[in-house]
1. Over the C-alpha atoms of the range 295-430, what are the Rg and the largest Cα-to-Cα span, Dmax, in Å?
2. Under a plain spin-label model, where a point goes 7 Å from the Cα along Cα-to-Cβ, how far apart in nm are Lys346 and Val317?
3. How many angstrom lie between the C-alpha centres of the range 82-141 and the range 325-396?
4. Using the 2.2 N^0.38 Å rule of thumb for compact globular proteins, work out how the range 97-186 stacks up: its C-alpha Rg over that value, please.
5. Students often forget the sequence filter, so: which aspartates and glutamates lie under 15 Å Cα-Cα from Lys366 once same-chain residues fewer than 8 apart are removed?
6. For the range 360-498, with all protein chains present and a 1.4 Å probe, just round the carbon and sulfur fraction of the accessible area to a whole percent.
7. Would you list the P(r) distribution for the range 247-369, with all Cα-Cα distances sorted into 5 Å bins from 0 and each bin expressed as a whole %?
8. Given an 8 Å cut-off on Cα distances and at least 6 residues of separation, report the relative contact order of the chain as a percent.
Amino acid sequence: MRIKNIKFLAVVLGATLSLTACEKDYLETVPSNKVSYDQAFSTKAGAEAALEGTIRLMRQAPVNQGAVSHDSYGVPAYMMTFDVMGQDVMANTNWFVFQYEHANKLATYRGTRILWGHAYNLITNANNIIAFSSKLPDATEAEIKSLEAEARVIRAFSYFNLARAYQHTYLKDKNALAVPLMLEPSTPQTVGKERATLEQVYTQILADLTIAENTLTGSRPSKSRINKNVAQGLLARVYLEMGEWAKAAEFAQKARAGYPLMTATSYKGGFNNYSNGEWIWGLPQSADQNNAFASFYSFIDGRYTLSSTGSRAYTRVGYNNLRANDNFVALFDANDARREFQEDEKAFVTSNGNKVWTSDRYTITKFKDLTTLGGHIPLMRSAEMLLIEAEAQARLGNPAAAQLLLLELRKQRYTDATLVLPTLAVGNALLEEIFVERRKELYGEGFGLLDIKRLQKPLVRTGNHTAVIGETPANDDKFIHQIPQGEMDANPNMVQNP
């Protein structure tokens, strides 16, 4: 990636920061809300502010990627992009429709530009924190290493997201070209690098996460910050993607230690606060930080009341345009607390006297925004770690262990645990059951198409889908984004995806 112009580290109100700037009219003097690198990293407090700002940037639109839009606000937008590209969550109007239709991946389109720009903004910030924190005069060696470790996790997290957006899964072809590895602070003279292979990118991801896991402890100021469990959880995700089953199981088990599964009652409580004991990592929002319409809950909080005329009044005012596919909803038992959907029984048309359900049938009520519009965003939960462990055990030839893990999860998800029966599935049937369980547990949290890609499955859309009805073959190039045209133009070493 080529960064055309970098001059100042921005720390807005001690929280928001941006290390990249491509605007040619960037001010030549340091504005009141910005400080130079030397100033920002002259104290431990300044470095902490830089790290906090980078974390805040995770839920903001990418800078310097052209005009921002309501589907370009960081990691939550990445999550929704790959959910609507899958088979369970649909976008029936407004933003994310092009992503849902797999029509926003071309080089000149906004969809690919914002995924690329946001991830590399985070990487640029992380690179600077890693490089400059070592020079802090008032921090201990342990404090410096901790700052660097958190930045390494952010860098690894961003590269993992990039690798899965711009290439097929690791197990398909680890020698396939992924994205450029930028590991040092960029300058106006930095020349764009060639695309590294998936193997090279994953090697770097593992190196960063391993250093962080060995450095960090279980303590942290808040759940938006990164501790040992977060690093372990990301290692579990990466090892699962790589087919390293034993390591995936090991780190998933470590990551969820101390984060007990929530009850069925808690699951239905709103999914909006990282004080929930099951959340390992999450992004907070306060009333003065939310983006109103351009935010996660604006799209996905589907609670509403019906007027006498049948029109909807949504509890959370916003776009409210994401829907659950009706065949996906049919997978849930009535006793399953995860069946968080509101049905409009009039959302159909008649065809030859039969009901044909429209895409407006089921809204999603799993995520209930707070009245302040400050609902938190889940990034990692222990239920995901349990499911990683279950899949890894099944692939290692330990079906009994995988079955027990599924039973443990389901007992916490059913409103009447006595109705939960243990699974007897083994082999491929057990793996398929775990895949379906992941879908039921993690919908809305960004795993939709990513799991289909990881498992090299076809994308199957049936029922009341309005886009790409039927089956798209496994490993189809529709599933990967093209490199943004701006990057192609600026980087002579770049080659394009199909």
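The values are calculated or read from the model by the stated rules, or taken from the named source; none is laboratory data. On a predicted model such as this, the values are computed, not experimentally measured, just so you know. Backbone-built Cβ (ideal geometry, glycine too); neighbour counts: all protein chains shown. Heads up: the accessible areas ignore ligands, DNA and RNA and are worked out on the full protein's heavy atoms, side chains in. Shrake-Rupley method; radii C 1.70, N 1.55, O 1.52, S 1.80 Å.
1. Every Cα atom of the range 295-430 included, Rg and Dmax give 18.6, 57 Å.
2. 2.3 nm
3. 24 Å
4. Details: Rg = 16.4 Å, N = 90, 2.2 N^0.38 = 12.2 Å.
Expressed relative to 2.2 N^0.38 Å, the Cα Rg reads 1.35.
5. Answer for Lys366, where 15 Å is the Cα cut-off: Asp83, Asp88, Asp301, Asp336, Glu340, Glu343, Glu441, Glu445, listed by chain and number.
6. Details: 2850 of 5090 Å².
Using a 1.4 Å probe with all protein chains present, the range 360-498 comes out at 56 percent carbon and sulfur.
7. All Cα pairs, binned at 5 Å, distribute as 2, 9, 15, 17, 18, 15, 11, 6, 4, 2, 1, 0 percent.
8. On the way: 984 pairs, mean separation 93.1, N = 498.
Here the relative contact order equals 19 percent.
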